[in-house]
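Let me begin by presenting the structure, written as structure tokens, before commenting on it.
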Amino acid sequence: MKYIDEFQDPDLAARLLDDIRATVTRPWALMEVCGGQTHSIIRHGIDQLLPDEVELIHGPGCPVCVTPLEVIDKALEIASRPEVIFCSFGDMLRVPGTGRDLFQVRAEGGDVRVVYSPLDALRLAEENPDREVVFFGIGFETTAPPNAMTVHQARRRGIRNFSLLVSHVRVPPAIEAIMQSPDCRVQGFLAAGHVCSVMGTAEYPALAERFRVPIVVTGFEPLDVLEGVRRTVRQLERGEHTVENAYPRAVPPEGNPAARAMLDDVFEVADRAWRGIGVIPDSGWRLSPRYRDHDAEHRFQVGDITTLEPAECRSGEVLQGLLKPHECEAFGTTCTPRTPLGATMVSSEGACAAYYLYRRLDLPDRPGSRPPGATAPAPTATDAPAVTVPSREDSSVV
């Protein structure tokens, strides 16, 4: 498939890896802020293919994972009400709240439905005028525009029994919070290509200059990630800190003006809590006053629900890049996809789920693991899917 298979070519991957090895002279720590990139990295063993000097740190890039516990509890409260049809994407139904999840609410009689688009929820509101239909709107700048459009359509068409429970977050303030942390080790960022396809790159130069870190907009296939790493390492070795777009096939500098206009109309920037991290100023959206009638939190008066994160779950440290998933004591034992303690083990984009799915389970003190001091054999570039693509004179353009 065009733009998929050609970006998994093992020969081009080997050339990029050779370039990175020839460039790097000292240790560097890079962070990806995208769950899709995290899964690509772990699935294809990219972190193991890279030279030892290059460490990839997994940041708070999974939208399900960063949704705070108190928002999950608000969703559970609303979904439990008999007059409500509660709609959500499927990956939210198993995220644990305080004592239960949305699947359990459904088992107890709540009308909880999986939909594939917020417009499916709007259609349900039209078909059920005597019920309150709520859509659980979570995610980064990528999923916010369709949710905004759905609220806009509800207001324009006079569908008053539709509302949105909002938990949308923004990436640039999260990068700022990460860099301001006293424990931060990040020296460069791989920016999420799908976020930038909506918002463009205008918010990143100020961050790169302020914190003196390169930021490279990167895609999701193996060659995309390797090219992002290559460009970031090249900047670090040269002492540079600029914004580069390594994903021009999907990201124009201005992003998507129509989507941004819809966001500006429906939402307003607000402080937002991130699971395991806390409140980050100006890091999210809420519905603007003209759309407040469609705000589920306001409509169902659940704004005063507050909760504490479970102490045994260390997902906050994972999301901040302070801990690799398999370094958590509960990982793979008391915390598994069937018995998750936190969202990072539930979500299809969660780092813990990626480590579990692709068998990154080894720790020296675990039964059946490698002996102390031993290392796992690194996969080779030829382990990637073999796909024939046209040769390229300049491997820097992937």
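Just tell me the longest site-free run in the chain, where the sites are chymotrypsin sites (Phe, Trp or Tyr not before Pro) in a DSSP loop having at most 13 other beta-carbon atoms within 10 Å.
Answer - 117-398.
What percent does the relative contact order of the chain come to when contacts are Cα pairs within less than 8 Å and at least six residues apart?
24
On the accessible surface of the chain, probed at 1.4 Å, how many percent belong to carbon and sulfur atoms?
51
Remind me, what semi-axes does segment 1-130 give for its equivalent ellipsoid, largest first in whole Å, using sqrt of 5 times each Cα gyration tensor eigenvalue?
Largest first, segment 1-130 gives 43, 18, 10 Å.
Could you check which residue among 60, 337, 129 shows the biggest mean-square fluctuation in a GNM of the chain with a 10 Å Cα cutoff?
Result for the chain, Cα springs under 10 Å: 129 fluctuates most.
Using Cα centres only, tell me the gap between segment 50-118 and segment 205-276 in whole Å.
26
Lys/Arg Cβ at +1, Asp/Glu Cβ at -1, dipole of the chain taken about the Cα centre: which of 245, 40, 340 is farthest positive-ward?
The residue sitting farthest along the positive end of the dipole is 340.
Once you sort the root eigenvalues of the Cα gyration tensor of segment 1-310 as a ≥ b ≥ c, which label holds: rounded (a/c under 1.5), prolate (a/b larger than b/c) or oblate (the other case)?
prolate
Of the GluC sites (Glu not before Pro) in segment 326-365, which ones lie in a loop per DSSP and count no more than 14 other C-beta atoms within 10 Å?
Answer by residue number: 329.
Taking the Cα centre as origin and putting +1 on Lys and Arg beta-carbons and -1 on Asp and Glu beta-carbons, what dipole magnitude results for the chain, to the nearest 20 debye?
380
Could you report the chain's accessible area per residue, 1.4 Å probe, as an integer in Å²?
Using a 1.4 Å probe on heavy atoms only, each residue of the chain averages 43 Å².
Which of 27, 281, 63 moves most in a GNM of the chain, Cα contacts under 10 Å?
Result for the chain, Cα springs under 10 Å: 27 fluctuates most.
Antiparallel DSSP bridges in the chain: what percent, to the nearest 5?
Close to 20 percent.
Residue-wise, which Karplus ³J(HN,Hα) couplings in Hz belong to segment 303-312, taking 6.51 cos²θ - 1.76 cosθ + 1.60, θ = phi - 60°, and x for glycine or proline?
Those phi angles translate into x, 8, 6, 10, 9, 10, 5, x, 5, 6 Hz.
Could you check which residue among 311, 259, 191 shows the biggest mean-square fluctuation in a GNM of the chain with a 10 Å Cα cutoff?
Of 311, 259, 191, the most mobile in the Gaussian network model is 311.
Could you give each residue of segment 331-339 its phi-based ³J(HN,Hα) in whole Hz, using Karplus coefficients 6.51, -1.76, 1.60 with θ = phi - 60°, and x for Gly or Pro?
4, x, 10, 7, 10, 9, x, 7, 10
Would you please classify the overall shape of segment 81-227 from the alpha carbon gyration tensor, given that a ≥ b ≥ c denote the square roots of the eigenvalues, rounded means a/c under 1.5, and beyond that prolate means a/b larger than b/c while oblate covers the rest?
Cα axes put segment 81-227 in the prolate bin.
Given the peptides 148-160, 68-80, arrange them by the average over their residues of other C-beta atoms within 10 Å, most packed first.
Packing order, densest peptide first, comes out as 68-80, 148-160.
Where a ≥ b ≥ c are the square roots of the eigenvalues of the C-alpha gyration tensor, would you call segment 196-302 rounded, which needs a/c under 1.5, or, failing that, prolate if a/b is larger than b/c, or oblate?
On the way: a/c = 2.56, a/b = 1.97, b/c = 1.30.
It comes out prolate by the Cα gyration axes.
Once you keep just the Cα pairs under 8 angstrom separated by 6 or more residues, what percentage relative contact order results for segment 207-291?
22
How large is the helix-only mean residue ellipticity at 222 nm for the chain, computed as the sum of -39500 (n - 2.57) over DSSP H runs with n ≥ 4, divided by its residue count, in deg cm²/dmol to the nearest 500?
Working: 17 runs with 143 residues, N = 398.
Calculated from helices alone, the mean residue ellipticity at 222 nm is -10000 deg cm²/dmol.
The values are calculated or read from the model by the stated rules, or taken from the named source; none is laboratory data. Everything numeric in this text was worked out from a predicted model, so none of it was measured. Every residue, glycine as well, gets a Cβ built from its backbone with ideal geometry; the counts of neighbours run over all protein chains shown. Heads up: the accessible areas ignore ligands, DNA and RNA and are worked out on the full protein's heavy atoms, side chains in. Shrake-Rupley method; radii C 1.70, N 1.55, O 1.52, S 1.80 Å.
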